[in-house]
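Some notes on the structure that comes next.
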Amino acid sequence: MASSAGLALCGQTLVVRGGSRFLATSTASSDDDVLFAYDCSTAAEKSQEKGEDGQPADKGSDTVLASTFSKSGTYFALTDDSKRLILFRTKPWQCLSVRTVVRRCTALTFTASEEKLLVADKSGDVYSFSVLEPQGCGKLELGHLSMLLDVAVSPDDCYVLTADRDEKIRVSWAAAPHSIESFCLGHTEFVSRIFVVPDHPELLLSASGDRTLRLWEYRSGRELHCCHLTSLQEPAEPWGDERFAASRITYRSQDGCVALLCDCIPAVYVFQLDAARQQLVYRQRLTFRHRVWDIAFEEGRGLWVLQDHREAPLVLCRPVGGQWQAAPEDAAVEKVSAHLRGNWAMLEGKNVGAACFPGDIQNRPRPGADPRLRYTVGSRFSEQGYRKRGMRPCPLQKASGWLGHRGADPHPHWERPVWACSSQDHELHGNQGHSRGGVHPFAFRAAGAGPQGGAGNGWAFTWSVGRLVSLEC
């Protein structure tokens, strides 16, 4: 997700995260449950690593990057951008350990036995950490040549499944990860999410930047069904031509219902898994007036939706007459929503760069510029990876964040920053790496139409001129 806000649910235990904090509570209607809160900024001391230039490496902002429950809900784990892996016991809530990871992580999952925690990082490696020995160091299990975006395990713990930025899904033996069982090949863009169907353990769901949801028999690598999400959109929708990726796949076992949330689209797609025919059947699309941060199914209750709306941060959807719709009133929803309203700054205060679809911020081009170019506020980003490409990051004046142009970044969660600053009126110039008007060179991929430029600092980019109108950090 562009935002750091997220939702995790196991049984009746619900966790909502935002920035460096998370809140844990129960979805039961009783009022005697205890609210547990944790702030990663209060965790153990961060590692004192040095970057390639010998200077102290970026220590991060403690923002939670990923989190997950174990199968039974006994354990909960998260990783933050300060390279920490934090393990909790949930009954009662207790922090068991704070460990350091080698690189910032993109995804994590528990094994079915709950003995290990698998962590995928941005360099393409998967490390395992012991759950039974909470202070134990990580062990390198496998690696890809590109960034990993998701990791999963089979219900019998025999296979580790990994998805990367280079369109591949790899199925490896858990006992010998260097041995590859198969590849699931067919996506034409980065694979953002994978999900092993728990009650059909031979089946895998995957979503990609190619705007498809696919069903696989993963041991053989055989594709069973492909659903093109573009065919489910209305022609008049403003995001119809945008690239997007799934930020969540969630599943309800009691009726085989699959819900898919995509970045930058205020809608949730609902499918039915027909395991006998080995296909996905599209049922409906739930649309929302506000940005949807995350979704999760609760067996026996419905679909929880976390949205960017302070008055109603949570929506519970239930099937009525074969169609999913928001429940009018629910005591559990109101109870949890009250907790979130009291901690709203946690969800929105640090979520720079969450503006993804029209209406979130003002988009006024400079006079004479292409009006189809839209500038959005980008999330904070480590500059270490850009130093390798010779790019010069410059913070904008009178702003505590970075300005980012929303473009076709192969990573589904981040927006590539625009590296620019101006001494006068914050004009933005793209000029294939050349400086003009007191503005430093920068590179980006533009979201609007226009001629394709040359390679600036190692990136192909389209350039024009625009003006920053509003920046709230």
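Observations, loosely collected:
- Summarising the amide proton neighbourhood of Glu167: residues at separation of 5 or more, or on other chains, whose placed amide H is nearer than 5 Å comprise Phe190, Val191.
- ³J(HN,Hα) computed for each position of segment 123-140 - Karplus, 6.51 cos²θ - 1.76 cosθ + 1.60, integer Hz, glycine/proline x: 8, x, 9, 10, 10, 10, 10, 6, 8, 6, 10, x, 9, x, 6, x, 10, 5
- Sparse-neighbourhood loop sites, trypsin sites (Lys or Arg not before Pro) in segment 251-292 - DSSP loop, at most 12 other Cβ within 10 angstrom: Arg277, Arg289
- Spin-label model, Cys137 to Glu311: label points 7 Å out along the Cα-to-beta-carbon direction sit 5.5 nm apart.
- Arg318 contributes about 80 Å² of solvent-accessible surface, heavy atoms of the protein only, 1.4 Å probe.
- Length gained on full extension, Gln284 to Ser123: 54.2 nm, using 0.36 nm per residue less the C-alpha separation.
- List Ser29, Ser192, ordered by accessible area with a 1.4 Å probe, largest first: Ser29, Ser192
The values are calculated or read from the model by the stated rules, or taken from the named source; none is laboratory data. In this text the structure is predicted, and so the values were computed from the model without any measurement. Counting neighbours? That spans all protein chains shown, and the Cβs are built from the backbone with ideal geometry, glycine included. Keep in mind that these areas ignore ligands, DNA and RNA; they rest on the heavy atoms of the full protein, side chains included. Shrake-Rupley method; radii C 1.70, N 1.55, O 1.52, S 1.80 Å.
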